[in-house]
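Single-structure report; data block below.
FYI, it's all coordinate maths here, none of it is from the lab. Just so you know, these numbers come straight off a predicted model, no measurement behind them. Cβ placement follows ideal geometry from the backbone for every residue including glycine, while neighbour counts extend to all protein chains displayed.
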Amino acid sequence: MNRRTFFVLLGVPGAGKGTQAKLLEDRLGLPQISTGDIFRYNLKNKTELGLLAQSYMDKGELVPDEVTIRMVEDRLQQADALQGAILDGFPRNLIQAEALDQMTAPYGGVSLVPLIHISDEDAMLRITGRRVCRSCGAVYHIEFNPPKKEGVCGLDGGELYQRDDDKPETVRNRLYVYYKQTSPLVGYYFAKGLLVELDGNRSIESVQSELMELLAEKEVAQ
Ligand code: ADP
Ligand code: ADP
């Protein structure tokens with residue numbers, strides 16, 4: 001069997017999945033696949049998919065499964081995912097998790113599911129202070145991970161902006177949607193023996209080193 005490595009990062013919005021996935025991407029040589037980023041890219045380019053996703057994203061609701069699953073299926077077939085991928089923001093409900101199992105079954109299935117824990121209060125603080133580079137998508141925080149120059153991306157000089165759905169009203173609904181639809185995945189992956197849990201309430205670097213240790217321990221990354 002042509003084995004591939006698939007990590008699924010779980011955690012409430014703001015837990016640090018994207019931040020950690022970007023760091024892992026460099027270290028492991030696997031692409032980060034963020035469904036949120038793909039939807040935002042489509043939104044920016046006003047594609048049909050972007051226009052469809054927008055109304056759901058604005059409300060903090062999930063984009064319909066059919067569309068999201070097909071999008072991930074296509075993405076996993078691209079050349080850079082030949083060794084596997086780090087999934088960030090997908091799956092977000094049981095239907096998507098089952099679809100991912102089917103997609104990855106020929107390659108040995110999902111390898112490991114790190115769950116990053118933070119409190120809801122911290123999630124609110126993190127998301128409302130999040131700023132994103134308009135050109136490269138790099139993620140900052142006005143207080144916890146500030147850019148060297150206010151409002152400017154340290155990587156490519158792009159403008160930093162606040163996502164529309166990072167306003168407090170929408171964030172509350174996104175947390176609600178997480179508990180209602182995404183949190184059952186914790187039990188789903190625990191039952192499969194794939195769940196590992198870590199405390200996300202520490203520096204970005206400490207979370208990253210623990211994540212690397214866990215992956216090495218489970219022998220899914222050397
Ligand atoms: P998610 O992808 O889970 O929604 P992000 O990676 O986008 O989370 O992080 C949410 C916000 O919290 C960002 O502004 C990011 O800079 C910040 N952040 C991420 N990890 C940490 C951490 N360990 N400590 C403090 N802030 C963090
Ligand atoms: P966060 O990093 O804060 O958790 P994301 O960037 O992952 O947020 O997602 C932003 C929005 O994109 C979600 O609120 C939802 O509308 C849509 N979205 C992202 N991933 C999925 C998914 N797997 N299924 C359905 N909708 C999704």
(message) Can you order the peptides 127-133, 13-19 by their average number of other Cβ atoms within 10 Å per residue, highest first?
(response) 13-19, 127-133
(message) Going 7 Å from the Cα of F144 along its beta-carbon direction, which residues of segment 104-132 have the amide nitrogen within less than 17 Å of the resulting point?
(response) 115-132
(request) For segment 148-196, state which trypsin sites (Lys or Arg not before Pro) are in a DSSP loop and have at most 12 other beta carbons lying within 10 Å of their beta carbon. (result) K148, K149
(request) Would you kindly calculate the mean projected area, averaged across all directions, of the convex hull enclosing the Cα atoms of segment 82-222, in square nanometres? (result) 9.8
(request) Name the shape class, rounded, prolate or oblate, that the alpha-carbon gyration tensor gives for segment 125-205, where a ≥ b ≥ c are the square roots of its eigenvalues, rounded holds for a/c under 1.5, and otherwise prolate holds if a/b is larger than b/c and oblate otherwise. (result) prolate
(message) For V196, what residues show an amide H to amide H distance below 5 Å, using hydrogens built from the backbone and excluding near sequence neighbours?
(response) V113, L115
(request) Assign one of three labels to segment 1-125, namely rounded, prolate or oblate, based on the Cα gyration tensor with a ≥ b ≥ c the square roots of its eigenvalues; rounded applies when a/c is under 1.5, prolate when it is not and a/b is larger than b/c, and oblate otherwise. (result) oblate
(message) For segment 86-140, compute Rg over Rh where Rg is the Cα radius of gyration and Rh is the Kirkwood radius from the inverse mean 1/r over Cα pairs.
(response) 1.09
(request) For I204 and D74, calculate 0.36 nm times their separation in residues minus their Cα-Cα distance, and state this gained length in nm to one decimal. (result) 43.7 nm
(request) Whole Å is fine, so just give me how far the alpha carbon centre of segment 4-69 lies from that of segment 118-171. (result) 16
(request) Starting from one equal scatterer on each C-alpha and no solvent at all, send me the Debye-based log10 I(q)/I(0) for segment 1-50 at q = 0.32 Å⁻¹, two decimals. (result) -1.15
